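Novice: This is the structure I want to talk about, given as C-alpha cells.
The values are calculated or read from the model by the stated rules, or taken from the named source; none is laboratory data. Just so it is clear, the model here is predicted, and its values are computed rather than measured. Here the Cβ positions follow ideal geometry from the backbone for every residue, glycine too, while neighbour counts run over all protein chains shown. The protein model used for the area step is the full one, side chains on, heavy atoms only, and it has no ligands, DNA or RNA in it. Shrake-Rupley method; radii C 1.70, N 1.55, O 1.52, S 1.80 Å.
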Amino acid sequence: MKLTTTDLTPRIGTEIRADREALLKGTHAAAIRDLLERRGVVIFPEVRFNDEEQLAFSKTLGEVIPQGEKGIFKVTLDRNENKMAEYLKGGFFWHIDGSTDDVPTRASLLSARHLSQTGGQTEFANTYAPYEDLPESEKKALEKLRVIHTIESIQRKIYPDPTPQQVEGWHAYKPKSHPLVWTHLSGRKSLVLGSTASHIEGMDLEAGRALLARLEEWSTQPRFVYQHKWKLGDLLIWDNTGAMHRVLPYAADSGRMMHRTTLVGEEELV
Ligand code: OGA
Ligand code: MN
C-alpha cells in the first residue's frame, strides 16, 4: 500500500496521502516518523479521524501522554470546554510545547473538529534550517549560550497587567535553562527559541533579549515557515523537537475546536 507525499515548501511541510486503514494499522509508521524528522510538519488532508482513530494512529508513532479525556486534549479558547483556555492564548506567539520541561514532547497530532470563521491558521517554523543557514562564526558563538525559559515570559505577552493570582500561577512552573542550540542524538542541531525564552544566562538582560528577538525574526522568515489553512477533518503532526509553532489570532467565542494527542519526549534537550 502506497504512501504519496508532496512537499509544500522547500524547507518545511509535507502532505501525506495514504489508505486510512493502513495508517491505523501502523503500516507507514517508520516512514512517517522519518518524514516528520526531516520535514518538521506532516499533514493528512481531510482524513477525518474520530477520537478513537486519532488515538490509535498516535499509538503507532510513539507513546501517548495521558492528558485530557482519555488522551485527547481539547485545544480551544472556550473555558467551558477546557479550564486551560486562558493559558492556551499563549499559542498566539511562537513556541515549543513543554519548553520548561527537561524533555519536551516528541510530537503532537492536531485535528480540526470545528473551525473559526476567521483566523486560526497554524504556522510552523523549522528550527534546524535557520541554524544551518547561519554563518559558521555565529553558529560557534551561539552554541555557547544558555537561555532561561519561563511560562511568565509568554503569558506576559497576553496579560501585560496580570493579577497577583495570575503571577502566582505562572510561578508554579519552575524556570528552565536550555542551551540555545540543541544538539540532537542524530547529530543535527536546531535553535531553541520561542516566547518562553525569557533571557540569556550571564548576558545583560536587554542585550540577551535583543539577540533572542533577532534570532526569532531570522528563524521565522517566510522561507522557514509553513502556514496551514485548516479544513475540517485535517490532521497534522508537528515535530516538537525540530519546529516551533503559533496559531494566528481567532475569537474565543468562534467555536474553534481542535483535538490533540501528544507523544512522550524521547530525547533530552542538550
Ligand atoms: C498546541 C497549539 C495550535 C493551534 O496545541 O500546542 O499550539 O492551532 N495549537 O491550535
Ligand atoms: Mn503549542
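Novice: So which pairs qualify, if the first residue must be in region 76-98 and more than 22 Å from ALA213 (Cα to Cα), the second must be open to solvent by 40 Å² or more (accessible area, probe 1.4 Å) and aromatic (Phe, Trp, Tyr), the Cβ gap must be under 6 Å, and the two must be at least 6 apart or on different chains?
Specialist: No pair meets every condition.
Novice: Name the single residue that is nearest to ligand 2 (Cβ to nearest atom) among those in region 79-100 being surrounded by 16 or more Cβ atoms within 10 Å (Cβ to Cβ) and of a type in the set (D, E, K, R).
Specialist: ASP97
Novice: List pairs: first residue in region 220-237 and outside any helix (DSSP H, G or I), second residue of a type in the set (Asp, Glu) and surrounded by fewer than 15 Cβ atoms within 10 Å (Cβ to Cβ) anywhere in the structure, Cβ distance under 7 angstrom, at least six positions apart or on different chains.
Specialist: Going by the 7 Å Cβ cut-off, the qualifying pairs are LYS231/GLU46; GLY233/GLU46; ASP234/GLU46.
Novice: Can you work out which of the residues in region 72-81 that are closer than 16 Å to ALA112 by Cα and not basic (Lys, Arg) is nearest to ligand 1 (Cβ to nearest atom)? Give the derivation first.
Specialist: Taking region 72-81 and keeping what is closer than 16 Å to ALA112 by Cα, we get 72-78, 81.
If we keep only those that are not basic (Lys, Arg) too, we end up with 72-73, 75-78, 81.
On the way: ILE72: 12, PHE73: 7, VAL75: 4, THR76: 8, LEU77: 9, ASP78: 12, GLU81: 13 Å.
Among residues in region 72-81 that are closer than 16 Å to ALA112 by Cα and not basic (Lys, Arg), the one nearest to ligand 1 (Cβ to nearest atom) is VAL75.
Novice: OK, next. On the basis of being under 22 Å from PHE224 (Cα atoms) and not in a loop (DSSP other than H, G, I, E, B), does GLU138 make the cut?
Specialist: On the way: under 22 Å from PHE224 (Cα atoms): yes; not in a loop (DSSP other than H, G, I, E, B): yes.
Considered against the rule, which asks whether it is under 22 Å from PHE224 (Cα atoms) and not in a loop (DSSP other than H, G, I, E, B), GLU138 comes out as yes.
Novice: Within region 114-149, can you find the residues that are touching a strand residue (DSSP E or B) at 6+ places or on another chain (Cβ under 6 Å), open to solvent by less than 20 Å² (accessible area, probe 1.4 Å) and among the hydrophobic types (A, V, I, L, M, F, W, C)?
Specialist: Within region 114-149, PHE124, ALA125, LEU142, VAL147 qualify.
Novice: If you go through region 1-29 one residue at a time, how many are free of Cβ contacts under 8 Å to residues at least 40 places away in the same chain and either among the small types (Gly, Ala, Ser) or under 25 Å from VAL225 (Cα atoms) (or both)?
Specialist: If we filter region 1-29 for residues that are free of Cβ contacts under 8 Å to residues at least 40 places away in the same chain, which is where we start, we get 1-7, 14-29.
Checking which are either among the small types (Gly, Ala, Ser) or under 25 Å from VAL225 (Cα atoms) (or both) leaves us with 3-7, 14-18, 22, 26, 29.
Total meeting the criteria: 13.
Novice: Check region 158-165 and report whether any residue there is charged (D, E, K, R) and outside any strand (DSSP E or B). Quick ask: steps written out before the conclusion?
Specialist: Initial filter on region 158-165 (charged (D, E, K, R)): 161.
Then keep just the ones that are outside any strand (DSSP E or B); that gives 161.
Scanning region 158-165 turns up at least one residue that is charged (D, E, K, R) and outside any strand (DSSP E or B).
Novice: While we're on this one: Of the residues that sit in region 141-152 and are outside any helix (DSSP H, G or I) and of a type outside the set (Lys, Arg), which one is nearest to THR183 (Cα to Cα)?
Specialist: Of everything passing the filter in region 141-152, GLU143 is nearest to THR183 (Cα to Cα).
Novice: What pairs can you find where one residue is in region 45-71 and open to solvent by 60 Å² or more (accessible area, probe 1.4 Å), the other is in a loop (DSSP other than H, G, I, E, B) and β-branched (Val, Ile, Thr), and their Cβ atoms are less than 9 Å apart, with a gap of 6+ or different chains?
Specialist: From residues that are open to solvent by 60 Å² or more (accessible area, probe 1.4 Å), the pairs are GLU63/VAL264.
Novice: Out of the residues in region 244-259 that are out of contact with any helix residue (DSSP H, G or I) (no Cβ under 9 Å at 6 or more places or on another chain) and part of a strand (DSSP E or B), which is surrounded by the fewest Cβ atoms within 10 Å (Cβ to Cβ)?
Specialist: Across region 244-259, the extreme among qualifying residues is MET257.
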